[in-house]
Structure formats: structure tokens, C-alpha cells
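No lab work stands behind these numbers, since they all come straight from the coordinates. Just so we're clear, the structure is a prediction, and the values are computed from it rather than from any experiment. All Cβ positions, even for glycine, are placed from backbone atoms using ideal geometry, and neighbour counts span all protein chains on display.
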Amino acid sequence: MVNYEKLAMKAKLAQDAERLSAERDKEAKASSSAFFAKVKVHIAEEIKKANVELRKKKAGIFEWIHLPTFEEDVFLTYGTDSLCRVGLGVMRNEFKVTAVISGPPNGYEISRKEYFCNDGAPVQNVLFPGVVAFPSYVSYPEEIAIDIISGILRGGFD
């Protein structure tokens, strides 16, 4: 005989877990968008600083390319040699900023770096609910912008 009470309880728990997961993903997306907006502001500031020095040396300068179909990503060029795509990824209540440098002679990927972010907020441990941790790999908007611009100038990320 089938025990529908137990099955109903399991179904209810599964629905609640799915709803909670969707709510967390929505919160993470909102938080990550705000964080990425800060990264964009700091990238613009670093570009201004770098371009001042590059103009003094009569070298190529940074340009911010706006592509309408890629509103969430940032495209930076350095002279006519390098292109850097900076994007945001959200996965399981965590998010990361990824920077990819492409360049000559064939436009292939030269270097890539991922910055794990949470804007200084504690990260909930997925395996042990209720446990809060401050991971050592967290990056901040200013650090990300500086590292991206200097990485492009060096021709790759460390």
C-alpha cells in the first residue's frame, strides 16, 4: 500500500527547497549586478589614469567599446593589439567576474582570470547550512579593476 502522506511531505519539501533556491538566486543576481556596476566604475577610473600615462609615452590607449547586444559585459581595447572581455557569472549564490584577453595574431584567448566576489558579505556554506565563512579568495571592485587594466598592459594575467 502506498503511503501518500509521506509522498506528499517529500513533494512539499522538494517544492519548498526549489522556491528557496530560486529566491536565493534572485538575491544573488541583484547583489552581483550591484557589485559589477562598482567594478565598471572602477575600471573607467583606472582607464583614465592609465591613458594619461600612455599618452605621455605616445603609446596606444584604452578604449571602452559598447556593444548593444552585450549590455552585461565590458569590452576594452588596448591600442589595436588587445581586446579584453569582462563579464559576470552567477552560480549557486556565488558570483565571479571573469576577464579574458584576446589578441594578435589570430584573436585567440591569450589569458584569463576569474575573481570570486561577494562584496565583503559573508558567504553561507552550502554543505553545512548555518555556517558562515569569509573565504580568502574574495576580490573587491577596486582590486579587480586595477588587476584587469595592469594585466592588459602586461599582456596577460598572473
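By how many nm would the segment from SER21 to THR80 lengthen if fully extended, with 0.36 nm per residue of separation less the alpha-carbon distance?
16.8 nm
Can you tell me the order of 99-111, 56-68 when each peptide is scored by its average per-residue count of other Cβ atoms within 10 angstrom, highest first?
Result, highest mean first: 99-111, 56-68.
For the ranges 73-81, 35-43, what's the packing order if you count other beta-carbon atoms within 10 Å of each residue, average per peptide, and put the highest first?
35-43, 73-81
Give the cross-link partners of LYS113 among the lysines, using a straight C-alpha distance below 23 Å as the criterion and excluding same-chain residues fewer than 8 apart.
List returned: LYS29, LYS38, LYS40, LYS48, LYS49, LYS96.
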